[in-house]
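All of the numbers you see were taken from the coordinates with simple rules; none came from a lab. In this text the structure is predicted, and so the values were computed from the model without any measurement. We place every Cβ from the backbone using ideal geometry, glycine too, and count neighbours over all the protein chains shown.
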Amino acid sequence: MTPPKLSLNHYENTIDYLAQCAPIDKYKVSKITPAIIQNFFDYLDGRTYTKRSIKSKTAELREVMKSRGETYKTFIENHRICGTTLCAVLNGKINVAIETAERVAKILQCDVRKVFDIKEETIRYSWKSNSHIKVATCSVLGFCKKLRIVVDNYATSEYIDHPEKDDVEIKCMDDIEVMRAYRTILNWKDMREATAVLTLIFTGFRRGETCELDWDCIDTFAKEIDIRKSVTQVRRRGLVVKEPKTKRSKRITEIPTLLNDQLIKYKTWYEKKKDEMGDAWAESKNHLFINNDTGKRINPRTLNQWLAKILKAAGIEHYTVHQMRHTNITQKLLNNVPVLEVAGDAGHAQPSTTMNIYGHFLKKHKSKAPDVLDNVFKLPMGM
């Protein structure tokens, strides 16, 4: 069997994960035992970090600034504080970095806690964060076993006890929020932003899949979108085009008429924009969602910014691009779309993957089994 081809993202991330294996660096690989691995994994599970929430005490800050003869202008001109950073500090509603808080306090010659409210919370690293390091360790030992450096892979569950995976609550928009977002999109001036967010809601595509879409993937006559590639931001390498997450992630998805009509209107806008820009339009693969000034494909992070703007205008709390995927999938499941069809549209490897992720959500939000059984057993006995 040919081993799977690992992505650049996997390779670069693994380098960082292995850098966190210092507690077992002192051992030769051939001398590693299950006890050593178990102690290392227990150490990982016990790690904590300090989460800080730092916001300025606006009244106190302005009072100290006044007493020191400092203004917004002098902070920028004399102390080279970035204007955007200074606005965040003076606003008092946004978290700032501890380095920024300490720098401002030093300029004002006062204790940092006098002008900033600093809250600290000790938090354990998540199951997922620890899992990345454990998987990297297991992969290395598995390769060493293949080379006969070690007798067996002592990082597997055959030798090691692992804590249960954390229950992750699915966060997604409800029916009312979806409708509010949709109404806002209908009146949105920027055609790119409106179409992109509508695509996220109506398809549940991953962020990288959405950014890598080009017009060859769109068939408005058949009302289908063909997912072939994805793009991701790789550490130390920038944007990299890659295969979708799983084999089943290469898929053709049927789209609703509302989205199809939007794509037709967007295509007209797109071609007009391309003609207007002329030579300024960058050579590209006709990506759907492009930079307005160059015609180049947008960075995946831009989708987050577009989504945040539209949701804010709709008066909806913050949701991420991935939570739009959750919204699409849960809406289908709650409205009785077969799991097999939902899994296919989502690009999940197996329908069981869909149920493993969303089963707990469905259990909380929809329980029809008792009513069904009640109706069955109320049937006349003679039937």
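Quick look at the values:
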quantity	calculated
Ranked list, fewest to most other Cβ atoms within 10 Å of each Cβ, for PHE143, PHE221	PHE221, PHE143
For ARG237, ARG251, order by how many other beta-carbon atoms lie within 10 Å, fewest first	ARG237, ARG251
Projected-area mean, segment 49-124, by convex hull of Cα positions, square nanometres	4.8 nm²
HN-Hα J in Hz across segment 240-252 - Karplus 6.51, -1.76, 1.60, θ = phi - 60°, x for Gly and Pro	10, 7, 9, 5, x, 4, 10, 4, 6, 6, 7, 7, 10
Ellipticity estimate at 222 nm from DSSP helix runs (n ≥ 4, -39,500 (n - 2.57)) divided over the chain, nearest 500	-16000 deg cm²/dmol
Candidates LEU186, LEU86, LEU288, ranked by Gaussian network fluctuation over the chain, Cα under 10 Å, top entry	LEU86
Fewest-first ranking of SER352, SER56, using other Cβ atoms within 10 Å as the exposure measure	SER352, SER56
Residue among PHE221, LEU141, GLN109 farthest towards the positive dipole end of segment 88-225, charges placed on Cβ	GLN109
The chain: relative contact order as a whole-number percent, Cα under 8 Å and 6+ apart	16 percent
The chain, dipole about Cα centre (Lys/Arg Cβ +1, Asp/Glu Cβ -1), debye to the nearest 20	740 debye
Cα gyration tensor category, rounded, prolate or oblate, for segment 175-327 with a/c compared to 1.5	rounded
